[in-house]
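Peer 1: Handing you a structure now.
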Amino acid sequence: MLELLLFALIGIGLGIFTGLMPGIHVNAVGLLFLGLGSAINPYNTAVAIMALAISHTIFDFIPSIFLGAPDPETSLSVLPGHRLLLQGRGLEAIHLTITGSVCAALAAALIFPLMLFSIPWFYGLVQGGIHYILLLIAGTMILTERGMQQKAAALLVFLLSGTLGYILLNSSLLPQHFLLFPIFTGLFGLSSLIISLKTRPAIPKQAAGNIRIPKKLALSGTLKGLFSGVLVGTLPGVGGAEATLVTQQLTRGSRKDREFLVSLGAINTIVALFSIVALFTISKPRSGAAVYIQQVLPSFGLRELFIMLSVTLLATGLSAIIALKLVKSVAMKLQEIDYARLNLFTILFLAALTAFLTGFLGLLILAVSTAIGITAILMGVKRGNLMGILMLPIIIFYASL
């Protein structure tokens, strides 16, 4: 037990690192554990990978909201998170996502027995209709834009990003675990930062008092995040980004930014946990971390599943405490920084990181993705339409076109 606890803490520490560093993905660090092979007890390795994956889901909102450098699962938090940041409520935005993560982990523990029975049933029900579900989500996004001109613009943005995704995801230009970094950094990160340079916003003084999140808000946001996570958590080729789109439709409107951020936190954590539950119930891992755990453990039964659930609760609790302590000092220091210079530094850092990780081809992908992201902003359509980057290729694949 002491060894398992030690490796859980190691995993949490690595999750903090990957969450705070844009572009350092969980899968890349998970490969390091696989490389150690038999040098580490397989259960210790599995615990570390699980703790890493869960801790990452809590900390990756900090660069998304404060710097606009998103991971795929947090990309849609940039806009509502920035709205609160520019209102002096950036600290509250992080509190909301952490609340969603913690509530989702606790809720998952409560409904755990139900999950074991419902997931196989749900998977069998929707297995042949994944493309219809995604078409429904995409159609809803486009049709809820105001006016025919905006609907046409949303369709254009969806098809532009989807075509780029279809080309790149069916190519071998870059390793798959690096490919999504320049794509999402351009679509949701650099595009926002470049527009911000033009408007030169200043970060107002951030409120640092006690932040109270109403129980009703936490419950509503968590339930919607859970619903979206359950909907997509066991589906092939679908993850947190698509679950976010479902939640976006359930929490539409800027007045619901706070509820949306709670839901995002819940989705991030619940999808990471569901990928492990899917490994037990339908023998199909739904994330890179789940694939690694499947590879290192000789078998994955109910005992192993309970260990992973325990690690999830531990990693969520400790990561939430550390994140709440860390983010307050980050928010206070932001007031002393020229936001325009910070944006410029972030743009240069992300470009340099892209070049280091992916080379010239990655920079080219970054430039094209950024152009499409800026197009969406200038056309005034919902940024969720940019998720065509993943949705259109999946629709085409499962429709056997």
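What follows is calculated from the coordinates using simple rules that are stated; it is not laboratory data. Here the structure is a predicted model, which is why all the values come from computation and not from measurement.
Peer 1: Binning at 5 angstrom from zero up to the longest distance, how are the C-alpha pair distances of region 340-389 distributed in percent?
Peer 2: Percent of Cα pairs in each bin: 5, 19, 20, 20, 23, 12, 1.
Peer 1: Give me P(r) over region 81-126, computed from all C-alpha to C-alpha distances, binned every 10 Å, as integer percentages.
Peer 2: Histogram of Cα-Cα distances, whole percents per bin: 25, 26, 23, 20, 6.
Peer 1: Going by the alpha-carbon gyration tensor, a ≥ b ≥ c the square roots of its eigenvalues, is region 288-376 rounded (a/c under 1.5) or, if a/c is not under 1.5, prolate (a/b greater than b/c) versus oblate? Please list the in-between numbers first.
Peer 2: Working: a/c = 3.35, a/b = 1.47, b/c = 2.28.
Since a/c reaches 1.5 but b/c is at least a/b, the shape of region 288-376 is classed as oblate.
Peer 1: Per q in 0.16, 0.19, 0.22, 0.23 Å⁻¹, report the Debye log10 I(q)/I(0) for region 86-194, using one uniform scatterer on each alpha carbon and no solvent.
Peer 2: -1.26, -1.20, -1.12, -1.12
Peer 1: Continuing with this model, one more query. For the pairs Lys198/Lys224; Lys224/Lys284; Lys151/Lys284; Lys256/Lys328; Lys284/Lys325, flag any whose C-alpha to C-alpha distance is greater than 30 Å.
Peer 2: Lys198/Lys224; Lys151/Lys284; Lys284/Lys325
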